[in-house]
Amino acid sequence: MSQVKQVGLLAAGCQPWNKDVCAASGDRFAYCATLAIYVYQRDHRFNEFKLRAIMSEHKKTITAISWCPHNQDVFASASADNLLIVWNVAEQKVVTKLDNTKGIPATLSWCWNSGDAVAFVSQRGPLYIWTISGPDSGVAVHKEAHSFLSDISLFRWHPKKKGKVVFGHTDGSLSVFQPGSKSQKHVLRPESLEGTDEEDPVSALEWDPLSTDYLLVANLHNGIRLVDSESLSCITTFSFPSAAASVQCLAWVPSAPGMFITGDSQVGVLRVWNVSRTTPIENFKLKKTGFHTLHVLNSPPEKKSFSTQSPTKNHHTSSTSEAVPPPTLSQNQAFSLPPGHAVCCFMDGGVGLYDMGAKKWDFLRDLGHVETIFDCKFKPDDPNLLATASFDGTVKVWDINTLTAVYTTPGNEGVIYSLSWAPGDLNCIACATSRNGALIWDLKKGKLITKFEEHGKNGIFCIAWSHKDAKRIATCSADGYCLIHTVDGRILHKYKHPAAVFGCDWSQNNKDMIATGCEDKNVRVYYLATSSDQPLKVFTGHTAKVFHVRWSPLREGILCSGSDDGTVRIWDYTQDACINVLSGHTAPVRGLMWNTEIPYLLISGSWDYTIRVWDTRDGTCLDTVYDHGADVYGLTCHPSRPFTMASCSRDSTVRLWSLTPLIAPLQIKILVDRSWDEIIGNSDRAMAPGAPPLLCGKVSRDIKQELDKLTNDVRVKKLRWFSECFSVSIFCKL
């Protein structure tokens, strides 16, 4: 039975890089972060959508997804590593792969009228058709769809007319192919572009579900047209209330024939249209940031038979203040607004499900990371806040009780590998970037206040703010240096290494001691109270580069290191020795975290997608957690609830965990009011081989100290305070 329980999840946002990164079928919809696909499914018991699966097999940017029109359990995805994958959602597994797509597939689509074929294309073609099974299995080239004069931005098969397909190009033109008819390449450019070299990419393209020949076309700057693919004529040009409005995406509304919706590119305005009139029926300003893509569900959720909310309560449920409250709609006598739910993805990564009939969000997940999350840290003086650092260039701060973002940096400083909170209530975060040095952000002021540029353009892999001396910050870089800075930027020490330095950690017992992990496979310990730039100790034993190092918070002189050799080593500084090697990971180790109450408890995360919990007394692996779908990078312990931790991963999620089952004997002893000697002890007693778990950290000592002051209700307070210590607060459930 698993000893580590997942208790919360911060889902990723939708990537803004590629067009076809949202799809829906039946009671499911999916969207893509950069390296993972999130699948939501309607829970019929509660009539709401819940996260069903996270698919994260791709190693490079996902470029498109497409749901099989004949099987709601199956969809296909493509990525920048020339890979196509067919997934079964119900079984949450890969069905088959195509490893060499002869170029990066910019977009893909299941072939209508052919349940086992997927078409994909890149740049100027050709269009490839991959037949997955049967006697004709393999990849073939479309006989006519090749040698285009402009890059393809997207394409759509006709859902009813077999073999008919249309391509939208970056120059604003269309190309139409259908069996038995003459091919039409680069036709129907917007009139304003005719005779010019200007480009106005086709940003959205959808066949009219009630016609074999009509289709809606959106150009980014020239708006929307309803065109006839047979006569190659424009039937209707639609007008916007403002000349500044531009269309990023559109979708037909299946429940309302002739109706469609569009999303603006600059601001989050959702517009409802009918083909019989040239202006919008209604305009909803849903968010301040522009749309990226949207999709209307074919089977909208049924109305709930009862409500648990007060009739007077605002039903608008947004994750952050970035969303705009629902507008008061004007009455439109000619048209009624269509029932249905629109999956809305925004340029800032936000994802929501909007109920068009009720004019409200069913849910809105704002400001999620869209890329690998490299680091996560709880705020020391306010552990309800968790900061994350990502490949997408942002640092985000989350309220873990509501799992919503409360702050984000602008995201223009390059990849962020590492972060460190300032000590106490300084309300600042230091972060390490791939090319722009180290930065300090003031959260209250919402701005960058300090920048360290001594490493030049070399990547900084780790940053650590000393919590014993708030004036000192350490950085480790590809240039081979570990630098100790003052907060105002002055260099105190420069420690030269023979290769790149990936990790550093301040001793929690000695403010002048810091350890580093280096590409040369060694761990070094430096003592800042001397003027020497040489290490006091060099620990050897790893057979590949050392990435992170962590000092034990409970045992003086003990530190651990994680390596690309797949092991975690435990070092005793006082003995100059490796006292244990933890073997079990099958790939490089990244995340490391000591528990702050149980001195032998160590947690590690790896590129093998797992989190392992270790008893460092004998090297036993107590539990292995497989929930992450990709490399695990960061681990952090909750400051006031030491058996709650967070992890982050290449799957773009942050997950919250409870370690409480690991110390079940302690909970029983507290419940039956056993003596303090059986509950709280020192590290030496707890480290004895086979000894039952004992609490040895600050949180438990503080609880005992407060209880010792009481004369009344001691047992009640004891149970309550320890319950809070062991609990996971009110974290939202997955």
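The values are calculated or read from the model by the stated rules, or taken from the named source; none is laboratory data. Because the structure is predicted, anything quoted here is derived from the model rather than measured. Cβ atoms come from the backbone with ideal geometry, glycine included; neighbour counts cover every protein chain shown. Only protein heavy atoms, including side chains, enter the accessible area calculation; ligands, DNA and RNA are left aside. Shrake-Rupley method; radii C 1.70, N 1.55, O 1.52, S 1.80 Å.
Table for the structure above
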{"read-out": "Cβ-derived FRET efficiency at R0 25 Å, Thr196 paired with Glu230, nearest 0.05", "value": "0.40"}
{"read-out": "Distance from the range 219-247 to the range 534-602 (C-alpha centre basis), Å", "value": "62"}
{"read-out": "Cα centre as origin, Lys/Arg/Asp/Glu Cβ charges: the chain dipole, Debye", "value": "1080"}
{"read-out": "Shape call, the range 116-265: gyration tensor on alpha carbons, a/c limit 1.5", "value": "prolate"}
{"read-out": "Virtual spin-label span in nm between Asn458 and Thr530, 7 Å along Cα→Cβ", "value": "2.3"}
{"read-out": "Helical contribution to [θ] at 222 nm, DSSP H n ≥ 4, -39,500 (n - 2.57), averaged over the chain, rounded to 500", "value": "-1500 deg cm²/dmol"}
{"read-out": "Spatially proximal aspartates and glutamates relative to Lys496 (Cα-Cα < 12 Å; intrachain offsets below 8 disregarded)", "value": "Asp479, Asp533"}
{"read-out": "Relative contact order, percent, the chain [alpha-carbon distance under 8 Å, six or more residues apart]", "value": "9"}
{"read-out": "Heavy-atom accessible area ranking, 1.4 Å probe, most first, across Met356, Met687, Met347", "value": "Met347, Met687, Met356"}
{"read-out": "Among 271-279, 599-607, the order from most to least packed when residues are scored by Cβ within 10 Å on average", "value": "599-607, 271-279"}
{"read-out": "Cβ-based charge dipole, the chain, positive-most Cα from His44, Gln184, Cys111", "value": "His44"}
{"read-out": "Spatially proximal lysines relative to Lys164 (Cα-Cα < 25 Å; intrachain offsets below 8 disregarded)", "value": "Lys19, Lys102, Lys143, Lys182, Lys185"}
{"read-out": "Protection proxy ranking of 402-409, 348-355, 503-510, 716-723 - average other beta-carbon atoms within 10 Å, highest first", "value": "348-355, 503-510, 402-409, 716-723"}
{"read-out": "Accessible-area composition of the chain, carbon plus sulfur, in percent [1.4 Å probe]", "value": "49"}
{"read-out": "Gyration tensor (alpha-carbon) shape descriptor, the range 504-563, a/c threshold 1.5", "value": "oblate"}
{"read-out": "For the range 154-203: relative contact order, % (alpha-carbon pairs under 8 angstrom, 6 or more apart)", "value": "33"}
{"read-out": "Per residue solvent-accessible surface (Å²) - the range 45-166, probe of 1.4 Å", "value": "44"}
{"read-out": "Descending semi-axes in Å of the range 579-734, equivalent ellipsoid built from Cα gyration tensor", "value": "30, 19, 11"}
{"read-out": "Accessible area in the full protein assembly, largest first, 1.4 Å probe, for Val267, Val370", "value": "Val267, Val370"}
{"read-out": "Cβ crowding within 10 Å averaged over residues, with 667-679, 471-483 ranked highest first", "value": "471-483, 667-679"}
{"read-out": "Cα→Cβ-extended label distance, 7 Å offset, between Asp512 and Gln123, nm", "value": "6.1"}
{"read-out": "Label-to-label distance, nm, for residues given as Lys445 and Lys162 (7 Å Cα→Cβ offset)", "value": "6.9"}
{"read-out": "Average Cα contact separation per residue, the range 356-395, under 8 Å, 6 or more apart, as relative contact order %", "value": "35"}
{"read-out": "Phi to ³J(HN,Hα) by Karplus 6.51 cos²θ - 1.76 cosθ + 1.60 over the range 482-492, Hz, x for Gly, Pro", "value": "10, 10, 10, 9, 7, 4, 8, x, 6, 8, 9"}
{"read-out": "Global form of the range 430-489, assessed from the alpha-carbon gyration tensor, a/c cut-off 1.5", "value": "oblate"}
{"read-out": "Full-stretch length increase - Asp576, Gln92 - with 0.36 nm per residue and alpha-carbon distance subtracted", "value": "169.4 nm"}
